1. Test residue 300 against the stated conditions and say whether it is in contact (Cβ under 8 Å) with a residue 24 or more places away in the chain and away from the ligand (no atom under 12 Å from the Cβ).
2. Among the listed residues 297, 222, identify the single one that is within 21 Å of residue 154 (Cβ to Cβ) and aliphatic (A, V, I, L, M).
3. Scan the range 182-230 for residues that are assigned to a loop (DSSP other than H, G, I, E, B), out of contact with any Lys or Arg (no Cβ under 6 Å at 6 or more places or on another chain) and among the β-branched types (Val, Ile, Thr) and jot them down.
4. Sort out which residues of the range 408-430 are more than 27 Å from residue 124 (Cα to Cα) and part of a loop (DSSP other than H, G, I, E, B), and write them in order of number.
5. Restricting attention to the range 371-416, report how many residues are basic (Lys, Arg) and farther than 23 Å from residue 429 by Cβ.
6. Give the number of residues within the range 86-110 that are in contact with a helix residue (DSSP H, G or I) (Cβ under 6 Å, 6 or more places away or on another chain), surrounded by fewer than 20 Cβ atoms within 10 Å (Cβ to Cβ) and in a helix (DSSP H, G or I).
7. Taking the condition closer than 30 Å to residue 79 by Cβ, within 18 Å of the chain's Cα centre (by Cα), open to solvent by 20 Å² or more (accessible area, probe 1.4 Å) and of a type in the set (Gly, Ala, Ser), does residue 196 pass?
8. In the range 8-21, is there at least one residue being outside any helix (DSSP H, G or I) and modelled with pLDDT under 95?
Amino acid sequence: MKDGGRLSAAIEVLTEVETRHRPVQMALRDWGTSHRFAGSGDRTAIGNLVFDALRHRASLSARLSSDTPRMAVLGTYALTWRNGTEGLQAAFEADSHAPEPATEDEISALTAAADIVPEGAAAADVPAWLWESFQGAFGEKAEAEGQALATRAPIDLRVNTLKSDREKLLKKLSHINASASALTPTGIRVVAKPGAARMPHVQAEEGYQKGWFELQDEGSQLVSLLGQAKPGQQVLDFCAGGGGKTLALAASMGNKGQIFAYDAERLRLAPIHDRLKRAGVHSVQVKDPATTDLKELEGAMDLVFIDAPCTGTGVWRRRPDSKWKLSEKALSDRLEDQIAVLDRACKYVRPGGRLVYVTCSVLPQENTDQITAFLERNSEFEALSALEIWKQVLPECKEPEYVNERGDVLLTPATMGTDGFFAAVMTRKA
Ligand SMILES: C[S@@+](CC[C@H](N)C(=O)[O-])C[C@H]1O[C@@H](n2cnc3c(N)ncnc32)[C@H](O)[C@@H]1O
């Protein structure tokens with residue numbers, strides 16, 4: 001396919017996503033199934049156009065004075081991908097599968113857009129109703145933080161130290177331009193490429209199949225380390241889901257001790273069994289909520305790790321469609337979930353043990369405010385400084401820029417090059 005056909009496909013897919021509210025991955029997959037002639041390069045280019053259009057949906061609408069999927073895709077190709085209106089017109093002319101050629105009005109809007117600088121929520125590509133929260137979190141840097149959340153994310157890998165080491169893996173992965181991560185000692189990064197470029201399929205690598213590494217954002221790796229999980233400890237991963245943090249905790253513990261991996265939704269736990277096997281982890285007991293309660297763990301855990309259900313505003317780079325789907329109702333539901341999870345999970349911490357609360361959100365309501373309210377409700381817990389723990393476990397690493405009075409930390413793409421992650425550490429008074 002040429003670029004004209006790819007533009008046409010991207011408009012079709014984005015229309016499906018926006019008018020029929022289809023999940024973007026599903027809409028892309030269905031398009032691929034009904035257009036079998038499209039090669040993998042075409043699918044990548046179409047996906048990149050759709051994802052980039054979603055990442056910059058608000059700023060494109062403001063700059064182009066149009067909300068249509070067609071203009072969002074044309075704007076992505078001409079402006080974000082820097083092909084210009086000439087490049088766009090050339091793509092129309094060179095391909096009989098191209099969409100309807102751009103009208104004069106469309107070309108003038110695209111030309112004028114180069115000089116239009118949106119402000120506030122639109123400049124930051126943040127939904128307008130969340131702009132106040134963004135400003136609360138970041139003040140003057142709110143626009144820059146929103147813009148960083150609208151960029152493409154790298155592929156981050158966590159070296160599984162139970163089976164491999166970073167030097168060895170970097171050699172094995174040199175053909176995909178993998179390099180050592182800047183912040184974590186066990187991280188490997190493949191930087192994002194622009195335009196229609198394809199990222200490597202790391203799950204096809206021998207090292208992935210053999211469990212030498214896991215796919216995990218560097219921010220997620222860093223907050224896992226703040227648990228300071230040690231060999232021989234008793235740990236409850238209370239919102240274990242697919243087990244990303246469980247695996248990181250097991251590696252920190254050198255496979256020694258016991259991790260109980262629990263999640264309220266048993267289906268979310270399903271992938272964990274294969275992942276544990278592949279990673280060679282044998283220190284984890286999966287606790288199925290349908291068949292077990294956690295009574296015997298009450299007051300007995302050295303560490304309870306809460307990777308809380310949240311709005312996921314910190315991972316908008318990877319899921320740009322979720323940014324525009326998020327509603328006030330969903331935020332208030334997640335806030336309720338977080339209160340329930342904190343109040344339930346804290347019962348399992350032994351006196352003197354630790355409670356770690358993590359979200360992949362940057363909103364103060366889900367982070368600082370949630371911990372302030374928890375500490376007010378539960379006087380037997382007190383805060384520890386996550387920043388001080390950061391300095392102990394990551395002595396070589398740059399420090400997070402956003403740290404609240406308690407020492408809770410917030411990582412962001414703009415400041416740390418990671419997804420957005422918040423972490424607070426507390427202890428049960430002995
Ligand atoms: C952020 S996800 C966990 C991701 C996972 N830890 C990982 O690293 O792959 C949050 C999880 O919390 C779970 N959850 C929501 N409410 C819960 C509750 N009341 N008790 C326990 N888990 C809950 C959800 O099912 C979801 O799997």
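1. Details: in contact (Cβ under 8 Å) with a residue 24 or more places away in the chain: yes; away from the ligand (no atom under 12 Å from the Cβ): yes.
When the stated conditions are applied, residue 300 passes them.
2. Details: 297 fails: within 21 Å of residue 154 (Cβ to Cβ).
After ruling out the rest, the residue left standing is 222.
3. Scanning the range 182-230 gives 184, 191.
4. If the condition is that a residue be more than 27 Å from residue 124 (Cα to Cα) and part of a loop (DSSP other than H, G, I, E, B), then 429, 430 are the ones that fit.
5. Qualifying residue count, the range 371-416: 2.
6. So the count comes out to 2.
7. The answer is no for residue 196.
8. For the range 8-21, residues outside any helix (DSSP H, G or I) and modelled with pLDDT under 95: present.
The values are calculated or read from the model by the stated rules, or taken from the named source; none is laboratory data. Here the structure is a predicted model, which means the values were calculated and not measured. All Cβ positions, glycine included, derive from the backbone under ideal geometry; neighbour counts span all protein chains shown. Ligands, DNA and RNA are excluded from the accessible area calculation, which covers all protein heavy atoms including side chains. Shrake-Rupley method; radii C 1.70, N 1.55, O 1.52, S 1.80 Å.
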